[in-house]
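The values are calculated or read from the model by the stated rules, or taken from the named source; none is laboratory data. The model shown is predicted, which means the values in this text are computed figures rather than measured ones. Glycine gets a Cβ as well: all are built from the backbone with ideal geometry, and neighbour counts include every protein chain shown. Just so you know, the surface numbers come from the protein's heavy atoms only, side chains and all, with ligands and any DNA or RNA stripped out. Shrake-Rupley method; radii C 1.70, N 1.55, O 1.52, S 1.80 Å.
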Amino acid sequence: QTVEHGFPHQPSALGYSPFLHLMAIGTRSGAIKLYGAPGVEFMGLHEENNTVMQIHFIPDQCQLVTLVDDNSLHLWSLKHHSGASELQEEHRFTLKGPPGSPPSATQITAVLPHSLREVLYLGTESGNIFVLELPSFRVLEDRTITSEAVLQWIPEDYCNRRSCELVEALQEHPKNPEQILIGYSRGLIVLWDRQNKKVTHHFLGSQQLENLYWQRDGSQFISCHYDGSYTQWPVSSDNRQSLPLETLVPYGPFPCKAISKIYWQTTRNGLPYIIFQGGMPRASYGDRHSISVIHGSQQTAFDFTSRVIDFFIIFSSEPTAEFDDPSAMVVLAEEELIVIDLKSDGWPAVHPPYLASLHCSAITCSHHVSNIPLKLWERIISAGNKQNVHYSNMPWPIDGGTNIAPDPPQRDLLLTGHEDGTVRFWDASGVCLHLLYKLSTVRVFLTDADPNDNMNATGEDEWPPLRKVGTFDPYSDDPRLGIQKIYLCKYSGYLAVAGTAGQVLVLELNDEDAEHVVDHAEADLLQDQEGYRWKGHEKLKTRDGPVQFEAGFQPFVLVQCQPPAVVTSLALHSEWKLVAFGTSHGFGLFDYQQKQLVFVKCTLHPSDQLALEGPLSRVKSLKKSLRQSFRRIRRSRVSSRKRRGRGGNTSEMHEANAKFDQDMLQEMELAPVQRKIEARSAEDSFTGFVRTLYFADTFLRDSSRHCPSLWAGTNGGTVYAFCLRVPPVERRMDEPVRAEQAKEIQLMHRAPVVGILVLDGHNIPLPEPLEVSHDLSKSPDMQGSHQLLVVSEEQFKVFTLPKVSSKLKLKLTALEGCRVRKVMVANFGSCKTDDYSENDLAVLTNLGDIQIISLPFLKLQIRYPCIRKEDVSGIASCVFTKYGQGFYLISPSEFERFSLSTKWLVEPRCVVDVPEVSSNNHMRDMSVVDNAARKS
Amino acid sequence: FGAEFRRFSLDRYKPGKFEDFYKLILHIHHIANLEVMIGYADVHGDLLPINNDDNFFKAVSSAHPLLRVFIQRQDEVDYSNFGTNTLSRKKKTLVTLRNDNLRRRPHINISMPHDFRPVSSIIDVDILPETHRRVRLYRHGCEKPLGFYIRDGTSVRVTPHGLEKVPGIFISRMVPGGLAESTGLLAVNDEVLEVNGIEVAGKTLDQVTDMMIANSHNLIITVKPANQRNNIIRSSRMSGSSGQSTDSTASHHSLSTSHVLQNFHPDEMESDEEADIVIEGGLEPQHIPKLHNLTSSSLSRINGSSLSHRLQRDLVLNNNSGRESNGSIHKLLSSLKTDPRHSLVIPRGGIEEDGTVITL
C-alpha cells in the first residue's frame, strides 16, 4: 500500500504552519495527514485510533502537537530519513491532576504553543492553565495559572456574577511574547503577564465567549460570542479595565447562532478583512454551514454543503510586514477542502491539486486506463480546463516542502462513475489524484430535477449574502442515472458508459461545444419470452431533438435495455465499432458505426422470477428512503455543536455502541446464523445475470480460420460464444454485422463467470483493440493454437480452442474457501532489466487477499492480505491497473493505492527543510516512544 | 463352476482397471460368455466383492502376497455370503433370525453396487480416530438436494492446558428427504472438522459454506458426530462397546495425520466433474438439458430411510414373535427408534460396511 488518494474520511481537526507552509488534518479515526506543495504529504496514525481534536504546529519548527479525545497530547516530528522526511510520533503525554481531582480539572480545552518554543499552555475545563515544558512534556507547576490567581485581579462584583469556567481561548500577544490573552467561556478575558505572573488588563465580557483574535499590532483584539456577536476591545497601557469599542451582531437583529471563530486581517488600504464562522440568523439560516468574509462594502457568506470543521487564513507571516494582507482562506468542511482566493475580485475558489472529494456524489464504479497517449491526455485536459474557468488561477497557496519523488512513469487515468450520472476523469499518474475533467450524462435524459440548480442562484438584494461553494452534493435526484460500467478506448477516444436503468451510451471526444441528436435504440432482452412483468424502475425518458453538449466526451448513441435493469457488464471494441452490454436478463451487441442492434440474447432462466421483478431496484428505493431520512436528520441537527460537548458525546456514543455491539453479539449467539449447503442448479436465481463480456479475434469454429467473436459469461456458470462477421472497412457501412452463436459452455460447478480471456499461440493474452495498429503491441500469434481462460468465482480453467476441452484448472474455493471477486491480467516488468516482463492474473478474493496467478499454467505465485474481509465495499471497489497496481476505497472518499509491481510504484517521497533549530540535544536522551504508524 | 485354480500375478501398485481384470479372469478361465461375480477373501477372512476399481484396488493391495479370488456365476450368487465373518465362521443368532423372514419372502434381487451409483459412504475408517467419521456424499446423478445447513458454534477441545473452547462449525439442520438426511450418516449438531480433506479450523462459516458448495459434486465431510454411540468399531475391538459414551475422549485425536484422504482418488472425482457441457454450433438451447439423469429412479430403492424402515420393521417383527431376543437387540432397537440413521451402522449382521459402499 503506497498512498491514500482523496479526502480523509471524517476529518475532525485542522492545523496550519505559516512557517512550514504545511497543513495538517486530523480525523476521527486518529489519522493525521500533512499536506504541502502537490506531492508533499505525510501520514501518521495515533495508536488508539481516537478522534484528533486539535492540531497545533510548534512555531518555527518541524513539530506539531495533537490533542486527542482521550485528553492525551502527542508530539509529532518531521525527520529526515534516508533522504526523505518522515512523520514520527515522538512523545505522548496525558495531563494528570492531583489525586482525587475530577477529570474536568485536567480536561484540555485550549492549547497554545508559545512562540519562544519552550512551553505549551494548556487551558482546561477547570479554568486552570497548565504550563508544559517542551519538548520534555514536563508540567512546570510553579507556572500554572489558576483561576483563583486570575480572579484576585478582577472586580469583586463581576466575580460574584460569573466565575471563570473553562478556558475557551489562549492567544499570545503578537508583539510581546510575555503577554497572553486568556478567554474564559463565561465572557471574562484577561491579559496575563508571564513574567510578573499577574493580570495586567481585564475585559469584562457579558456574553458567552467562543474565541479571540489579536489584531496584528496588538493594540486591539476581537472576541466572538455564542449569541452571534463580536466585540472589539482596545488594549492600552493606561487603562487596566477596558470597555468594548464596538459590539456587532452581523446578522442581527433576530437571534443568531454562535460565531465560533473570527479573524481580523489588516490590509494596506486600511479596510480590514473580518472573517468569521457562523453567526447566521438562528430561525431561517440556522442550518447553514457558513463562513462570512467582510471587506469594506463587500460581504459574502460562503455556504458549505457540509459542516465546517475549521478554517484558517493564509496571510503575510513576515514579522516585519506591517499588514496581514490575507491571500487565501482554507476551509476544512466535513466532506471537502475549499480554498478561497481573497485577492482576486469576486473571491473565487482555488482548484485544489489534492484532497479531491471523490465522493461529491457517491462512487458507483471505477475504471482504470494505463499509459494514455499524450494526444488524448491533452484533449481531456483541455476539455477539463473549459469547465474550470470559474476557478481562481492563483497558485496553490499551501506550498511547503519539496516533492522529490521521480516523475510518474506514465499517464494514467482513473475514471469514477457516480450516482448522479457523472463520470470523473482523474489524473492517477502520481501521488496527487487530481480531477481533470467531469462528464455528465444527465443532459441526454429528461429528469424531474430542476434544471436551474440553485447552486449560484443568489440575487443582489438577498440577505444574508450566501454563496454556495464546493462540489460535495451527495443527493442524487434520480438514482437511475447512476453509472455502473465504464469502458474507455484510449486509442480512439471512444467511451462507453452504462447505468442503473439499462442505459448504454457511446461517446466520442469532441474539442468543441456541439449540438446534436443522440441516436436512440432499444434492446429488448426478453425477446419472445412471455409472461414477464418488470416491477423495477422505469426506463429513463430521453430528450427529443438536438441536445447541447459542452466540449469533451459527447454522446452520440444511446441504447436502452428493456427491461431497464442495471447494466452488469460492458465491452467496447473500437476497431470493429461494436459495443456489448449485459444485464440480469441477457446481453446484446450494438453496431455503433451503423447504429444498428446486431443481436440480443436472453440468458434468463424461465423460472427466475426474482430477476424479473428487479429486486435491485427495490434495494435502490430503500436506499433512497434512507437518504431522505438522513436529509431530515441533517436538517434538524444543530449545526454548531460545542467542541467539548462533542468530546463528551463521542465517548458516550462509544459506550452506547459498545453496548449495542455486545447486545448484538449475544443475540447472535442465541440465534446463530446458518448457511444452506446446496449445490448450484440451473433453477437458482440470477443465473442469467451477465457478469462479463469479452471481444476476441480467435479460432472459434475451426483451427484454420479465426474470426471476431464475442464471449459472455453468466452468474450461472454459462459461457456463450458468438461468431461475428464484421464487414471490411471499405464496406463497413454497407453490409450488416452478423453474429451467430458458435458455442455454449456450461461449467459443471455453475459458479459465476467473472472473467474470460483468450491466450494466443504464445500464451500471451490477446491485445486490446487498436493496440497493434498503434504499434504498441506485437500482433498476436495466430499460428499456434489459442486457449480460452475462463475464470469463475470458484476456479480458473483453461480450455483448448477451437474445440473446447478442458486442459488445466486451478481450484480456489474448493481448497481455500475463498472466491474470486476481481480478476485482471497484469503485466509485471522487472525492475532490474527492461527486457523482461510477464503476464499474470491479479486476483482479489472475497477475503480481501490478492493473489498472483501465472499464465498460462495457473500456478499461484504469491498471496498478500490486502483488504479486511469485512470491508465489503472496499473489496467491491477494487480496480487493478494493467501494470500491477490497484486502487480500492478505504472510505467513501478515499482510494488506497497499492502496488504489486516492483517496477511501478507510486508513493510520496518528499522533504521538508528543517530551519536552524536551537539546541535540542536532550531530545535524544529521552525515551522516544516510537509508535510512528507511518504506513510502509 | 466347481473348482478350477489358476494362479497369476498382478502389479500390486498398478493393478489396472477392474474391467480389464474382469476380462482377464474370464479369459484365463475360458468363460468369456458368462456373467460372473468376483469376490475375494480379505485379511479378516471375509468374503468381499470385487466389482469396481475401488474394491479391486483395495483387494489387490490387501494381498499378502496371495490374493484368493472367488468366481461365481452371477445368477448363483448368494449375497448373504458376502460380508463380515462370512468365510471364517457363521454368526448364528442373527443369521438364523433372518433366515426365517427372508426365506418366506421371494428373494429381492438387489444388484451389486456397480449397477447403480453410490449415494454416500463412510471412508478412511482405518486412519481416522474412532470418534470421527468421514462421510462422502455423491451428489452426482442424484436428484436429491444435498439438504443440510451449517452454523457457527463452540466446541470444547482437550489441550495440554486443559479444556478449551474454540469456535467450530456444526450441522444445524437437515432437510427432510435430502441426500444428507437420507444417508443417515450425518446429524444435527455434528461438528464439521474437514471439508474434502481441508481442515475448517480458523475458517469462517461463509468460507466453509463456499468450500462445501464448491465441492458439492463430491463432498467429503469429516465430522465428529454429536452422538458418539454409533461409531464404527474396528474389528480389533470386537466386543460391543457401542453403548458406552466416548465423549470424554472425543477430542484427543488430532487430524493432522489424517489429512490425506486415503480412499479418495482425485482422478475419479475429476472425471465426474470434468464434464462441463459444450454445445457447438448455433443451437439455441432453451434451458440446460437435464444431464446425468442416470438411473436415479433406482436410487430410491436404496435410500436410507426406506431401508431403515424395512429393517426396523423386520426387527420389530422378530422381537414380537418372541424369538431369541437378547440385550443387544434391545439396545439396537432403542437406538433405532430414536434415530433412524443408526440402523445403517449395526455392528454386525444384516448390514455391512466395507469402506466405500454400504450393502445389505
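A few remarks follow.
- For segment A:41-59, a residue qualifies if it is over 28 Å from residue A:906 (Cα atoms) and assigned to a loop (DSSP other than H, G, I, E, B), and the qualifying residues are A:48, A:50, A:51, A:58, A:59.
- Just one of the listed residues (A:210, A:165) is in contact with a Ser or Thr (Cβ under 7 Å, 6 or more places away or on another chain) and either in a loop (DSSP other than H, G, I, E, B) or modelled with pLDDT under 90 (or both), and it is A:165.
- When the criteria are applied in full, residue A:276 meets the requirement of being within 27 Å of residue A:314 (Cβ to Cβ) and touching a Ser or Thr at 6+ places or on another chain (Cβ under 9 Å).
- Considering segment B:157-170, and only residues there that are under 23 Å from residue A:673 (Cα atoms) and at pLDDT 85 or above, the residue that is farthest from the other protein chains (Cβ to nearest Cβ) turns out to be B:164.
- Residue tally, condition away from chain B (no Cβ under 14 Å), more than 16 Å from residue A:696 (Cα to Cα) and open to solvent by less than 50 Å² (accessible area, probe 1.4 Å), over segment A:728-753: 3
Matching residues to (1) at negative phi; (2) modelled with pLDDT under 95; (3) surrounded by 17 or more Cβ atoms within 10 Å (Cβ to Cβ); (4) within 21 Å of the chain's Cα centre (by Cα):
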residue	(1), (2), (3), (4)
A:332	yes, no, yes, yes
A:351	yes, yes, yes, yes
A:356	yes, yes, yes, yes
A:368	yes, no, yes, yes
A:385	yes, yes, no, no
A:393	yes, yes, no, no
A:400	yes, yes, yes, no
A:404	yes, yes, no, no
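- Test: residue in segment A:285-304 that is touching a His at 6+ places or on another chain (Cβ under 8 Å) and open to solvent by less than 20 Å² (accessible area, probe 1.4 Å): yes
- Failed condition for residue A:703, given (1) over 15 Å from residue A:788 (Cβ atoms); (2) out of contact with any Asp or Glu (no Cβ under 9 Å at 6 or more places or on another chain); (3) surrounded by fewer than 22 Cβ atoms within 10 Å (Cβ to Cβ): (1)
- Failed condition for residue A:500, given (1) open to solvent by 20 Å² or more (accessible area, probe 1.4 Å); (2) in contact with a helix residue (DSSP H, G or I) (Cβ under 7 Å, 6 or more places away or on another chain): (1)
- Any chance residue A:310 is in contact with a strand residue (DSSP E or B) (Cβ under 7 Å, 6 or more places away or on another chain), open to solvent by 10 Å² or more (accessible area, probe 1.4 Å) and in contact (Cβ under 8 Å) with a residue 40 or more places away in the chain: yes
- Looking across segment A:12-40 at every residue that is assigned to a strand (DSSP E or B) and touching a Pro at 6+ places or on another chain (Cβ under 9 Å), the one that is farthest from residue A:94 (Cα to Cα) is identified as A:17.
- Condition met for residue A:507 (in a strand (DSSP E or B) and outside the structural domain of residue A:694 (by the TED database)): yes
- Residue match in segment A:824-839 (condition: crowded, with 21+ Cβ neighbours inside 10 Å and of a type outside the set (Gly, Ala, Ser)): no
- Taking the criterion of being within 7 Å of chain B (Cβ to nearest Cβ) and open to solvent by 40 Å² or more (accessible area, probe 1.4 Å), the only residue of segment A:810-821 that qualifies is A:815.
- Selection count, segment B:173-197, where residues are buried (at least 20 other Cβ atoms within 10 Å of the Cβ), facing another protein chain (nearest Cβ under 9 Å) and not in a loop (DSSP other than H, G, I, E, B): 2
- For residue B:145, the conditions (1) modelled with pLDDT of 70 or more; (2) more than 14 Å from chain A (Cβ to nearest Cβ); (3) within 24 Å of residue B:174 (Cβ to Cβ) are fulfilled apart from (2).
- Picking from residues in segment B:141-172 that are part of a strand (DSSP E or B) and among the basic types (Lys, Arg), the one that is surrounded by the most Cβ atoms within 10 Å (Cβ to Cβ) is B:151.
- Within segment A:460-493, tally of residues that are open to solvent by 40 Å² or more (accessible area, probe 1.4 Å) and at pLDDT below 95: 12
- Here residue A:144 qualifies as open to solvent by 30 Å² or more (accessible area, probe 1.4 Å) and either on the phi < 0 side of the Ramachandran plot or touching a residue at least 12 places away in the same chain (Cβ under 8 Å) (or both).
- Residues located in segment A:500-525, provided they are of a type outside the set (A, V, I, L, M, F, W, C) and farther than 23 Å from residue A:605 by Cα: A:508, A:510, A:511, A:512, A:513, A:515, A:516, A:519, A:520
- Extreme residue, farthest from the other protein chains (Cβ to nearest Cβ), among residues of segment A:765-803 that are surrounded by fewer than 19 Cβ atoms within 10 Å (Cβ to Cβ) and hydrophobic (A, V, I, L, M, F, W, C): A:776
- Extreme residue, modelled with the highest pLDDT, among residues of segment B:198-229 that are more than 12 Å from chain A (Cβ to nearest Cβ) and assigned to a loop (DSSP other than H, G, I, E, B): B:225
- All positions within segment A:199-222 that are among the small types (Gly, Ala, Ser) and open to solvent by 20 Å² or more (accessible area, probe 1.4 Å): A:206, A:219
- Residue check, residue A:807 within 14 Å of another protein chain (Cβ to nearest Cβ), open to solvent by 40 Å² or more (accessible area, probe 1.4 Å) and charged (D, E, K, R): yes
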